[in-house]
Structure formats: C-alpha cells, structure tokens
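Here is the structure we will look at, set down as structure tokens.
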Amino acid sequence: MKQAGAAVGIDFTGKCDRAPNSVGAHTLIKFLEGKPGQNQLAEILFRQYFTDGLYPDNENLRAAAEELLEGGDSPDLDLDAAMAFVESANERKAVQAEAADYSMRGVSGVPFFIFNGQPQFSGAQPVATFKRSLLESMA
C-alpha cells in the first residue's frame with residue numbers, strides 16, 4: 001500500500017493505531033456539499049489520518065476545517081456551524097443511512113465509480129477501463 005500511495009503522492013505512514021469511524025468526517029464533508037472547499041477538505045482529512053496519524057475525532061475534524069479556512073479554499077466557512085452539523089445526531093444518521101444505501105447497492109470500497117446511474121468499479125483502474133466504462137455507459 002505504501003508503494004501504491006507513493007506513486008500518487010500519498011504517504012501512508014501507518015501512524016494512526018486504529019481504524020477510523022469516519023461518520024464525523026463524512027458528515028463534515030457533507031456540510032460543504034455544493035460549496036467551495038469540499039474536495040480540499042477531503043484531502044486534508046486523508047492527510048491527517050493516513051500521513052499525520054490523526055484519528056478523525058471532533059477535535060481533529062475542527063482542526064481540518066480550520067486548516068481549510070486558513071488556506072482560503074472555503075472563505076465563507078462558519079466553523080461553529082460546521083461543527084454543530086457534525087455533532088447533530090440527525091445529520092450523522094443521514095450520513096449513516098446514505099452509506100448503508102450505497103452498501104446495499106454493491107459499493108464496497110472507495111473510490112467507487114458510477115456512470116449514468118450504473119455502478120461500474122471500485123479502486124484505481126487503468127485509463128482504458130475508464131474509457132471503456134464511460135463509452136459503454138453512454139451507449
């Protein structure tokens with residue numbers, strides 16, 4: 001895994017000593033749905049866990065949101081509103097329900113690709129696989 005990550009600029013250090021419960025991280029990402037900075041936030045969260053070894057608890061989620069704000073990628077981000085969203089039982093349940101729905105539809109890993117509403121494949125794939133799947137989904 002380290003070698004595969006290094007090939008695409010990800011340093012898998014193994015510093016975190018436990019598998020994450022990513023509900024809070026996914027809830028924070030959902031808070032930014034359709035707003036600037038969502039992808040950058042995901043990158044910060046990946047780095048925090050996989051490279052820095054930081055578990056995605058509320059303290060580290062807030063630090064990720066602060067880093068995003070400081071980087072200028074989401075200038076209108078309201079940190080308190082974002083964390084209230086993360087801590088909302090209803091929002092967390094909605095994220096868990098969405099994950100369960102995807103799981104029931106066969107999504108078993110990330111990234112997972114869906115073209116024109118049709119599940120395709122999971123994980124890194126050669127460019128030819130993307131081309132073939134995209135063309136088939138448009139037919």
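The values are calculated or read from the model by the stated rules, or taken from the named source; none is laboratory data. Source: prediction; values computed, not measured. Note that we place each Cβ from the backbone using ideal geometry, even for glycine, and neighbour counts take in every protein chain shown. Just the protein is used for accessible areas: all its heavy atoms, side chains included, with ligands, DNA and RNA removed. Shrake-Rupley method; radii C 1.70, N 1.55, O 1.52, S 1.80 Å.
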Q | Counted charge near residue 84, where neighbours are those whose Cβ lies closer than 10 Å (Asp, Glu -1; Lys, Arg +1) | A | -4
Q: Just check segment 4-49 against the gyration tensor rule for me: Cα atoms, a ≥ b ≥ c as the square roots of the eigenvalues, rounded for a/c under 1.5, and otherwise prolate or oblate depending on whether a/b exceeds b/c.
A: oblate
Q: Summarise the accessible area of the chain (1.4 Å probe, protein heavy atoms) by the percent that is carbon and sulfur.
A: 54 percent
Q: Using the Karplus curve 6.51 cos²θ - 1.76 cosθ + 1.60 with θ = phi - 60°, work out ³J(HN,Hα) for each residue of segment 32-39 in order, rounded to whole Hz, and write x for Gly and Pro.
A: 8, 4, x, 10, x, x, 4, 5
Q: Starting from the Cα of residue 30, draw a straight line to each of the lysines and keep only those under 25 Å, dropping any in the same chain fewer than 8 residues away.
A: 93
Q.
Can you classify segment 47-97 as rounded, prolate or oblate using the Cα gyration tensor, where a ≥ b ≥ c are the square roots of its eigenvalues, rounded means a/c under 1.5, and otherwise it's prolate if a/b beats b/c and oblate if not?
A. oblate
Q. Of 115, 83, 100, whose Cα points farthest to the positive end of the dipole of segment 79-123 (charges on the beta-carbon: +1 Lys, Arg; -1 Asp, Glu; origin at the Cα centre)?
A. 115
Q) To the nearest 500 deg cm²/dmol, what mean residue ellipticity at 222 nm is calculated for the chain from DSSP H runs of n ≥ 4 alone, each contributing -39,500 (n - 2.57), summed and divided by the residues? A) -16000 deg cm²/dmol
Q) Once amide H atoms are placed 1.01 Å from N in the peptide plane, what residues at a sequence separation of 5 or more from residue 54, or on another chain, have their amide H within under 5 Å of its amide H? A) 49
Q: Pop out the ³J(HN,Hα) list for segment 52-63 in order, Karplus 6.51 cos²θ - 1.76 cosθ + 1.60 with θ = phi - 60°, rounded to Hz; leave Gly and Pro as x.
A: 7, x, 8, 6, x, 8, 4, 4, 6, 5, 5, 4
Q. Between rounded, prolate and oblate, where does segment 1-81 land on the alpha carbon gyration tensor, with a ≥ b ≥ c its root eigenvalues, rounded for a/c under 1.5, else prolate if a/b exceeds b/c?
A. prolate
Q. On average, how much accessible surface per residue is there in the chain, in Å², for a 1.4 Å probe, leaving out ligands, DNA and RNA?
A. 64 Å²
(Q) Placing one identical point scatterer on every Cα of the chain and ignoring solvent, what is log10 I(q)/I(0) from the Debye formula at q = 0.09 Å⁻¹? (A) -0.33
Q: Rank 125, 48, 40 by mean-square fluctuation in a GNM of the chain with C-alpha springs under 10 angstrom and give only the top-ranked residue.
A: 125
